Amino acid sequence: MIFILRAFKQAFFLIFGFNREFYGVIFLTLLVNATATFIGATIGIPAGVALSEYEFRGRRPVLVLVHAMMGLPPVVLGVFFVLLFSRSGPFGFLDLLYTVPALIIVQVVLAAPIVAGFTYASLEDIDPRFGLQARSLGATHLQSVYVKLREARAGLVAAIIAGFGGVVSEVGAVMLVGGNLKGSTQMLTTYTVQEMRKGNADLALAAGIILIIIAIVVNVFLTRLQAGKGQREVETKGVTGAYIHG
Amino acid sequence: MRQRGLPARTSMVSEANPILEATGLTKSYGGRPVLDVDRFAVRGGEVLVVLGPSGAGKSVFLRILNLLEPPTAGTVTFAGREVQGLQGKERVDVSRRMALIFQDPLLFRGSVEENIGYGLGVRGVSSEQRDMRVRAILDVVGLGDLAAKPVSTLSGGEAQRVALARALVIEPEVLLMDEPFASLDVPTRRALQEEVGEILRGRRTTAVFVTHDQEEAARLGDRILVLDRGRIVQEGSPREIFYEPETEFVAGFVGFDNIYDGEVLSSEGGLALIAVEGVEIEAVSDIEPGAGVKVGIRPEDITLIPTSEVEAPASSRNSLTGKVTEVELRGPVARVTVACPFPLVSLITRRSLEELGIDVGAEVGVRFKATAVVVIGEGR
């Protein structure tokens, strides 16, 4: 019990003592996770839209692949990317192994399918007649897709939340691809693992607290986005009849 | 002053030049035909009602006319130009001269005015112009005070008014409506039917109105077209459809609850004598004797009288007697089935039911005019 209290105290000093090395880890974590989520959403949302809106050859297999990737153990992805980026691998010449870009790349590959899968699912849930209605009022196909995306906003934000959740909690892949190099590719999760192994439970706990804070702050922000201008989805459905005859 | 993306109204459209036409139009889903329309035309300024049961292909028909879906075969002509199968910008340009209202309002997330301005927005109309036109249309549909309200707070009737305004504000050359009032409660539906009728006539809007409700068709239609299993089975004025149905299906659908097989015994001077299950009925028709026919009578055209008043058949009037087999109360009216010996259904007020003391088992007289009997030739 005393041990835990001491750990909290240490964590407190680490956080409010503005330890330079520790804040470097925080900064890198934010940078990599935010960039990966952003790029992952930039790829994942259009991919989800394409899967839901367009009939193309190979749509089914792509969908299965996306869904499989959503549940892929990140550490497997890590092994795969280490092989790709290692000196003798096909992308060895890029010299990416154990660099920040490698961290971002592997996390984008993690986040994008999650965002795509959730985007696809939330668009499929929207009454297809919303698209028809928009087009019958003069919308081009693209404009009608935008209407559906707006209707699916809660689902889209959930997709981004899930994508971010996937990367922020990730250890295995960044450990393998980044190497957990102190001062260059060390992230909060890998830092936690390392300090715990060294017996520094206080440092591990401090990192854990920061991760929880990041997750809460980001999700408060995203959830606010999801709720919109105080509109409650529950009421809308009955009145606009979106789901009555679907 | 012309707005970008909003072509000026074509003044060439008249009865002689239908604005929207279709020829040889068919649609199949997975080999199953759902629509087969030989010829169809909407004249400028008319309200054309497409009446038919659910599953008759009405909605598909509207979507094809609005270029939301291509037909399997056939042509759609809009303002003199063949438009089926257009793609991309060309399709959008033609589609933008029409607007379609669905059964459910399908309002988009946002406020009432944002919804109404949607069609103008995608056409690139400036925001000042848009505001002006949205305000004006809000007054037309009586929603002036609700402009800023989020659509999630509206009642069903208000939501459908917004949907109507959202289409009207575009000033479509043809307004397509797919059972827009079917989800509303009866008083709201009646009120909106009346208002929409006035708005359409007041603005001389050309409209195609799809419904399965014969009352609605009668209220709104300048012309009615009856659709059955994807085919047009009759086309005419409301009077023709409701009083001179040409097929058994149309007769049944527009309320001829009494339909029988009959044989024409004689025909003279426009008055035919027809045998229905051994009973002779007079009908106004110049059909040839000897023909097998269908005979239809609307239940509201059949009056019940005390047996003492049943006289010998007078000219152009049928009088029969029979036993009441069923009385079904429907609020202020009652449906009474009388075995004459074939079952004749009569619709009378509840008051006359009570005054005549009609109950199951009672003997009553039945009377209907020869003009109330519609005769449908065999093979129709």
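What follows draws every value from the coordinates through simple rules; no lab data is involved. This is a predicted model, so every value here is computed, not measured. Neighbour counts run over all protein chains shown; Cβ positions are idealised from the backbone, glycine included.
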Partner lysines for B:Lys149 [C-alpha distance under 30 Å; skip if fewer than 8 residues away on the same chain]: A:Lys148, A:Lys229, A:Lys237
Chain B - Rg and Dmax from Cα coordinates, angstrom: 24.9, 76
Proximal lysines to B:Lys58, defined as alpha-carbon separation beneath 21 angstrom and excluding residues fewer than eight positions away on the same chain: B:Lys27
Residues A:Lys9, B:Lys89, B:Lys323 arranged by fewest to most Cβ contacts within 10 Å: B:Lys89, A:Lys9, B:Lys323
Distance between modelled label sites at B:Glu300 and A:Glu124, nm, 7 Å Cα→Cβ extension: 4.9
Residues A:Thr99, B:Thr23, sorted so that the one with the fewest Cβ neighbours within 10 Å comes first: B:Thr23, A:Thr99
Dmax and Rg, reported as Rg then Dmax, of the stretch B:217-320 (C-alpha, Å): 15.5, 49
Phi-based couplings in Hz for the stretch B:104-111 (Karplus 6.51, -1.76, 1.60; Gly and Pro marked x): 9, x, 6, 6, 8, 3, x, 8
Calculated SAXS-style log₁₀ I(q)/I(0) at q = 0.08, 0.11 Å⁻¹ - the protein assembly as shown, Debye, Cα scatterers: -0.77, -1.09
Cα centroid separation - the stretch B:272-304 against the stretch B:322-375, whole Å: 18
Unit charges on C-beta of K, R, D, E only; dipole of the stretch A:2-245, Debye: 160
√(5λ) per eigenvalue of the Cα gyration tensor, the stretch A:65-200, largest first, Å: 39, 17, 12
For peptides B:35-46, B:173-184, sequence by mean Cβ density within 10 Å, most packed first: B:173-184, B:35-46
Inter-centroid distance (Cα atoms) of the stretch B:117-137 relative to the stretch B:187-210, Å: 22
Most positive-pole-ward Cα, A:Tyr120, A:Val218, A:Ala102, against dipole of chain A from beta carbon charges: A:Val218
Residues B:Arg166, B:Arg350, B:Arg81, sorted so that the one with the fewest Cβ neighbours within 10 Å comes first: B:Arg81, B:Arg350, B:Arg166
Semi-axes of the equivalent ellipsoid for the stretch B:153-198, Cα gyration tensor, largest first, Å: 18, 12, 9
Distant alpha-carbon pairs in the stretch B:39-151 (separation over 17 angstrom), percent: 66
Under 23 Å from B:Lys369, Cα to Cα: lysines that are on another chain or at least 8 residues apart: B:Lys294, B:Lys323
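Sorted from largest to smallest, which semi-axis lengths in Å does the alpha carbon gyration tensor of the stretch A:1-128 give for its equivalent ellipsoid, taking the root of 5 times each eigenvalue?
Value: 36, 22, 13 Å, ordered largest first.
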Alpha carbon convex hull of chain A, volume per residue in cubic angstrom: 169
